[in-house]
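Written out below as structure tokens is the structure these notes cover.
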Amino acid sequence: MANYVEMARNALSSLSIDLEKNTNALKRKIEVLTRRKDDVHTELQNAIYHPRKKCKIEVEDWLNNAESIIEDFETLNQEVRCCRLFKRQKLAEKVELMTTEVTELVKQSDFPREIFVEVDESIGPLILTPQHNGQAFLQNFDDIWASLMDDSVLSIGIYGMGGVGKTTLALHVHDKLLKESTFLGHVYWVTVSQEFSIHKLQNDIAGVLKLDFSCESDERKMAAKLFRAFKERGRFVLILDGVWNQIDVEKIGIPVEMSGCKLIITSRSKEVCDGMDCQRIIKVNTLSEQEASELFLKKLGRVELHPEVERIHKKMVKRCGGLPLALVTLAGSMRGVTGIYEWRDALEGLEESCMRQANMEDKVLSILSYSYDRLGDEKLKNCLLRCSLYPEDYCIPIVKLIEDFISEELMERRSSFRAEIDQGRAILNKLERPCLLERGSTGTYVKMHDLIRCMAIKKTKDNPRYMVKAGHHLREIPDMHEWTEELDKVSLMENSIEEISCDASPTCPRLSTLILRENPLKSIPDCFFKQMCGLCTLDLCGTKIQKLPNSISDLENLRKLLLKDCYELELVPSLEKLKELRHLDLTATSIEELPPGMDSLTKLRFLYLSCHKLKVLPTQTLRRLSKLQLLSLPFHICAPIEEVEALKQLEVFKGRLNSVCDISRLLKSRQSDKQLSSYRLFLNSEESCKVHVASNRLHCKLVHFEAENLVESSSPKDENLLPRDIEKLIFMNSFLGSSLLDEFPILNSARDLKFCIIAKEDKIECIMRFSSAKEEQSSGAPFESLQSLSLENLPNFFGLFKWEAVAPLPHGTFSWLDELTIKRCDKIKRLFSHSLARNFHRLQHLTVYNCVQMEEIIEDDKNEGRNCSSSADLTLPSLKSLCLVNMPRLKSICKGMICCDSIQAIYLGGIKKIKKVPLYLPVIDGQPSPPPFLREIRIKSVDKEWWESLEWYHHNANSVLEPLVKYE
């Protein structure tokens, strides 16, 4: 008997040891899972500044499971610590089971692709003003379109001389493809510069496919990833614009032999099209004389001309040789000219310019040169030449370009930064009118046609004297004999220069601008700047430099020092002598202390200090920089409000404030001085600062609350709690009250508010209360300008509105809403009323996720005193994506049919009580067909049976939609 007792004791002892050992092992796995969960959560938090990014359903599910099992472990761990002997066997089984689950979750966390889905994968239309040039253009377009619709043609080449309109033709094809469902929106545009490399092209293609190759350098691995990404898309069109030399598409990773793949290239050379085995080759010819004349007159903006001017204009058109680029540029330069003598003089100048040119391209350059000369104003000319310092086909950010104009004194000085930005935009408009620059599709950047850039660089061979070798794949700086004394500006950006010879010391006393940005440059010898005493602008952004040479301290004429994204830079020498410095950018460097001599920079106007390792901002530093107009501070350091409010010239500010009271102080301090034209104000704890490091866009109007009691501690009566012109507003863990508009009544009149996020707020119940019809009529339409609203993790939120009395919904409420996202709002049962839905004529993206009490998406209008039935049909003319996931009680989406021909993507899962989908399917020849732009329907794999059992308004809808369904 004693032996059995001893054996039992030993077994229990062994079980206790094993249980403790296994629990500790499980704890370590839980820690790994927690770190991974936090990483994913941080990525999601960063995505709040990119509203087009949507977290994948599988990632949302993984996060839910991870959070749940981490909570379960805390309970289990407590049970293990306090358990009695007889329970240990059962607990050991629980530990073993949980260990298996955690191990699997950790494996799943290595997501095969990005955790986000881009809501609209295509880049959108690229042409701001649709136009075409004549019958030949239409014929070429039809030929290309027929080839795209022909399954046997996989590659198309478009060739013709520079400026003839190849890119314009391809742009029209691109934009029409976006409107067709044939390729499910998988249409990609990539510009290939003359300085081509496989690695760069792979990165550019990865960018349009939304792939991250930042940590990948092996071209074969990149090609394999691109191949897989293209293959997953099934059918797609890739347009490579401006191919100068033959490209081996297999080395790039383009599956050109795959059925459904279409490759379009544009090139100046037919040999390139032949060498790339293009199956259909189309030549773009110059315009006929009549078409050329029509285009010239269209750009000129006049149809009726004086007979003498009519004769002169025909001669000008003839000189252009039917080339659209030459025609629109020359016509643009003649816009507004009315006098016959001016026209005669212009013709004389044009003919003299073209007389000595033999080949057509040289003649075109002469015409472009003549259009440049007609600008007249030297400031305009210098601003255009400044654009040539960027690489070929570079998208030049407008605000950055204007900052260049300001710092290099290419514009007149204005009384405020905002006025200077306006002046800069006016200059760019004047350069766009004669087509010397072209505005990008987003309106935030400009580009130079490669022929115009070539003309501009030729203009800088004498005075001013430039050396432009941007994007040339240089591994070393140019030889010393090229660094002449007459040089004014040098651009070596986007090369592969890693080091500068230790004895390199160019003699360039007149050099005003030196651009070395985007090179893997690790060090610069001290002697390099010794003979550049006139240097005004030094751009080292994006280099790998660790320490600046001491000779920087002697550049007494330096006005602009750019060190942004020099991630390894730890030491900047004294700036004490740089008393002319106006612009200093230290963003994302690794400095821990401010450079010595900052107190001496009394002329400084722009200061970027978003350095994540900066330990302290010395007291009184900002107060001494009284001329500051733009100030960007790091998130982890609270802005000294006393010093910031003393900066009377300040117009643009980004920084972390200590409390809502600081916002009030800041706003009140501006009432008698210059108003802030842009701001990013963060009220958050130091621990949450890492979330915001990735978002550094300055020129917007944003306030972000993220720290306990920040909102609660302030009086809502103060009208200065928020700026009236706010554009973006974010609340996270800020103890926001039960109603947003009760907390911040100023939002009733915030007509510029376009973007609002409320997340992780336990108290909020609604956006707005309706207490009486009379009160509502007097307050106007709330949120009439709001474009994006996201509500996430709100445990007590039960609806957008809380009706305490029957009251009509104000006309125009949410009428500009583009995107609505509702996630993890546990108490909401009905999303919005039928009458509110009728305001959603601009709504493009609707996402409702994990709202466990949700029963109905669109309800009737009983709270608004209307008799409108929710069974009536509803049209959402702009809706592109619909996501309804994990709502176990959802019974109805809409009692009537929803018509949305614009729908592109549908995501459904975990809504098994839904029996009928109210989507209207257009009927063609008596049969239902998918909406014209619908490219995919994603269904959770576990819901396949539910999906196949759904009822539709059309009897065979399931079979019609089946080709678009993807299970995940």
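The values are calculated or read from the model by the stated rules, or taken from the named source; none is laboratory data. Everything quoted here is computed from the prediction, not taken from an experiment. No Cβ is skipped: glycine too gets one built from the backbone with ideal geometry, and neighbour counts run over all protein chains shown. In case anyone asks, the SASA skips ligands and DNA or RNA and just uses the protein heavy atoms, side chains included. Shrake-Rupley method; radii C 1.70, N 1.55, O 1.52, S 1.80 Å.
State yes or no: is residue 728 touching a Leu at 6+ places or on another chain (Cβ under 7 Å) and modelled with pLDDT of 60 or more? Criteria met by residue 728. Within the span defined as region 600-612, one or more residues are touching an Asp or Glu at 6+ places or on another chain (Cβ under 7 Å), without any contact (Cβ under 8 Å) to a residue 40 or more places away in the chain and in a loop (DSSP other than H, G, I, E, B).
Scanning for something open to solvent by 20 Å² or more (accessible area, probe 1.4 Å), under 27 Å from residue 393 (Cβ atoms) and not acidic (Asp, Glu), does region 480-495 turn up at least one residue? No, region 480-495 contains no residue that is open to solvent by 20 Å² or more (accessible area, probe 1.4 Å), under 27 Å from residue 393 (Cβ atoms) and not acidic (Asp, Glu). Just one of the numbered conditions (1) of a type outside the set (Lys, Arg); (2) open to solvent by less than 30 Å² (accessible area, probe 1.4 Å); (3) within 34 Å of the chain's Cα centre (by Cα); (4) modelled with pLDDT under 90 is not true of residue 870: (3).
Going by the conditions given, is residue 523 under 22 Å from residue 587 (Cβ atoms) and hydroxyl-bearing (Ser, Thr, Tyr)? For residue 523, the condition - under 22 Å from residue 587 (Cβ atoms) and hydroxyl-bearing (Ser, Thr, Tyr) - is met.
Among residues of region 613-634 being polar (S, T, N, Q) and in a loop (DSSP other than H, G, I, E, B), the one that is least open to solvent (accessible area, probe 1.4 Å) is 629.
Within region 269-315, the residues that satisfy the criterion of being outside any helix (DSSP H, G or I) and without any contact (Cβ under 8 Å) to a residue 12 or more places away in the chain are 302, 303, 304, 305.
Checked against (1) modelled with pLDDT of 85 or more; (2) open to solvent by 30 Å² or more (accessible area, probe 1.4 Å); (3) on the phi < 0 side of the Ramachandran plot, residue 278 passes all but a single condition, namely (2).
Residues that are open to solvent by 20 Å² or more (accessible area, probe 1.4 Å) and of a type in the set (A, V, I, L, M) within region 422-458 comprise 426, 457, listed in sequence order. Whenever a residue of region 133-158 is over 22 Å from residue 186 (Cα atoms) and outside any helix (DSSP H, G or I), its partners that are at pLDDT below 85 and charged (D, E, K, R), lying with C-beta atoms within less than 7 angstrom and at least six residues away or across chains, give the pairs 133/291.
Starting from residues that are part of a loop (DSSP other than H, G, I, E, B) and aromatic (Phe, Trp, Tyr), keep the ones in region 810-854 and report whichever is surrounded by the fewest Cβ atoms within 10 Å (Cβ to Cβ).
Residue satisfying both the conditions and the ranking: 816.
Scanning region 567-589 for residues that are closer than 18 Å to residue 544 by Cα and acidic (Asp, Glu), we see that the one that is surrounded by the fewest Cβ atoms within 10 Å (Cβ to Cβ) is 568. Can you pull out the residues in region 171-224 that are on the phi > 0 side of the Ramachandran plot and touching a strand residue (DSSP E or B) at 6+ places or on another chain (Cβ under 6 Å)? The answer is 210, and nothing else. Scanning region 938-967 for residues that are of a type outside the set (A, V, I, L, M, F, W, C) and touching a helix residue (DSSP H, G or I) at 6+ places or on another chain (Cβ under 6 Å) turns up just one, 967.
Only one of the listed residues (336, 301, 322) is at pLDDT below 80 and buried (at least 21 other Cβ atoms within 10 Å of the Cβ). That residue is 322. Among the residues of region 576-587, those identified as in contact with a strand residue (DSSP E or B) (Cβ under 8 Å, 6 or more places away or on another chain), outside any strand (DSSP E or B) and not basic (Lys, Arg) are 578, 581, 586, 587.
Would you confirm whether or not region 318-341 contains a residue that is within 27 Å of residue 221 (Cβ to Cβ), out of contact with any Phe, Trp or Tyr (no Cβ under 9 Å at 6 or more places or on another chain) and not in a helix (DSSP H, G or I)? No, there is no match, as no residue in region 318-341 is within 27 Å of residue 221 (Cβ to Cβ), out of contact with any Phe, Trp or Tyr (no Cβ under 9 Å at 6 or more places or on another chain) and not in a helix (DSSP H, G or I). Taking region 888-909 as the range and being in contact with an Asp or Glu (Cβ under 9 Å, 6 or more places away or on another chain), more than 15 Å from residue 950 (Cα to Cα) and of a type in the set (S, T, N, Q) as the test, only 904 passes.
Would you confirm whether or not region 635-644 contains a residue that is closer than 20 Å to residue 597 by Cα, at pLDDT 90 or above and of a type in the set (D, E, K, R)? Yes, some residue in region 635-644 is closer than 20 Å to residue 597 by Cα, at pLDDT 90 or above and of a type in the set (D, E, K, R). From the list 879, 884, 934, 921, which residue is assigned to a loop (DSSP other than H, G, I, E, B) and farther than 13 Å from residue 961 by Cα? Going through 879, 884, 934, 921 in turn, the sole match is 879. Residues in region 951-968 that are open to solvent by 40 Å² or more (accessible area, probe 1.4 Å), within 21 Å of residue 183 (Cβ to Cβ) and either polar (S, T, N, Q) or in a helix (DSSP H, G or I) (or both): 962, 963. The set of residues from region 747-762 being surrounded by fewer than 17 Cβ atoms within 10 Å (Cβ to Cβ) and more than 26 Å from the chain's Cα centre (by Cα) comprises 748, 749, 762. Considering (1) surrounded by fewer than 16 Cβ atoms within 10 Å (Cβ to Cβ); (2) farther than 18 Å from residue 701 by Cα; (3) in contact with a helix residue (DSSP H, G or I) (Cβ under 7 Å, 6 or more places away or on another chain), the lone condition that residue 668 does not fulfil carries the number (2).
In the set (1) surrounded by fewer than 16 Cβ atoms within 10 Å (Cβ to Cβ); (2) at pLDDT below 80; (3) in contact with a helix residue (DSSP H, G or I) (Cβ under 8 Å, 6 or more places away or on another chain), residue 81 fails one condition alone, (3). Please identify the pairs in which a residue from region 933-945 that is over 18 Å from residue 878 (Cα atoms) has its Cβ atom under 7 Å from the Cβ atom of a residue that is modelled with pLDDT under 85, counting only partners at least 6 apart or on another chain. Final answer for the pair search is 938/968; 940/57; 940/968; 941/968.
Looking at region 405-418 only, could you name the residues that are under 18 Å from residue 627 (Cα atoms) and either within 25 Å of the chain's Cα centre (by Cα) or loosely packed, with under 14 Cβ neighbours inside 10 Å (or both)?
Once the filter is applied, which keeps residues that are under 18 Å from residue 627 (Cα atoms) and either within 25 Å of the chain's Cα centre (by Cα) or loosely packed, with under 14 Cβ neighbours inside 10 Å (or both), region 405-418 yields 412, 413, 415, 417, 418.
The requirement of being touching a Leu at 6+ places or on another chain (Cβ under 7 Å), acidic (Asp, Glu), loosely packed, with under 15 Cβ neighbours inside 10 Å and at pLDDT below 95 is satisfied by residue 592. I'm checking my understanding of the structure. Among residues of region 516-538 that are farther than 20 Å from residue 577 by Cβ and either polar (S, T, N, Q) or not in a loop (DSSP other than H, G, I, E, B) (or both), which one is most open to solvent (accessible area, probe 1.4 Å)? Ranking the candidates gives 523 first.
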